[in-house]
Amino acid sequence: MDNKQIVLDFYEHVFNNWDISYVDAHMKDDYKQHSAGVKDGKEGFMEFITEFVKKEPHADVVKAIAEDNLVCMFFKCSFKDGTVAKVFDLYRLEDGKLAEHWDSVMRVDNIEAASGNGHF
């Protein structure tokens, strides 16, 4: 399976179906995190995702781009409470597993795009 498909499958299982058991086999134990609110390691991610899925997120992928061992995801993240964010995630994969992560997140549910082009 190629790196892009690995990340797409991860999103479907973890972010859309809230199956956090999927993380164990698809993330390196020493997962390096660059997101401000999440600790390093698989254990740190599990701490985050256990609370995150309680918000019932859904990721609608707009674009997935892969080059070498990097995968960039651009998606709309919607939550049960009506909150919507646009998200860019960048992953580095190693041996078919998520090894490192960077992100940029912007809440957009109450913001109109000045250009009229929308957020997605």
Pairs returned, first residue in the stretch 26-50 that is of a type in the set (F, W, Y), second residue that is in a helix (DSSP H, G or I), beta-carbon separation under 8 angstrom, 6 or more apart or interchain, are Y31/G41; Y31/K42; Y31/G44; Y31/F45; F45/V23
Among the residues of the stretch 2-24, is there at least one that is part of a strand (DSSP E or B) and open to solvent by 80 Å² or more (accessible area, probe 1.4 Å)?
no
Notebook entry, point to check: Right, D40: touching a Phe, Trp or Tyr at 6+ places or on another chain (Cβ under 8 Å), open to solvent by 70 Å² or more (accessible area, probe 1.4 Å), farther than 23 Å from G118 by Cβ and at pLDDT 95 or above or not?
Noted result: yes
Quiz item: Within the stretch 79-89, is even one residue assigned to a strand (DSSP E or B) and closer than 18 Å to H26 by Cβ?
Solution: yes
Going by the conditions given, is K80 over 16 Å from the mean Cα position of the chain (by Cα) and basic (K, R)? yes
Filtering the stretch 49-78 down to residues that are of a type outside the set (V, I, T), in a helix (DSSP H, G or I) and either farther than 22 Å from V108 by Cα or open to solvent by 70 Å² or more (accessible area, probe 1.4 Å) (or both) yields E51, K54, K55
- prompt: Does A113 satisfy the criteria of being in a strand (DSSP E or B), open to solvent by less than 70 Å² (accessible area, probe 1.4 Å) and not aromatic (F, W, Y)?
  reply: no
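The values are calculated or read from the model by the stated rules, or taken from the named source; none is laboratory data. A quick note: this is a predicted structure, and the numbers were derived from the prediction, not measured. Glycine gets a Cβ as well: all are built from the backbone with ideal geometry, and neighbour counts include every protein chain shown. Note: areas computed on protein heavy atoms with side chains; ligands, DNA, RNA excluded. Shrake-Rupley method; radii C 1.70, N 1.55, O 1.52, S 1.80 Å.
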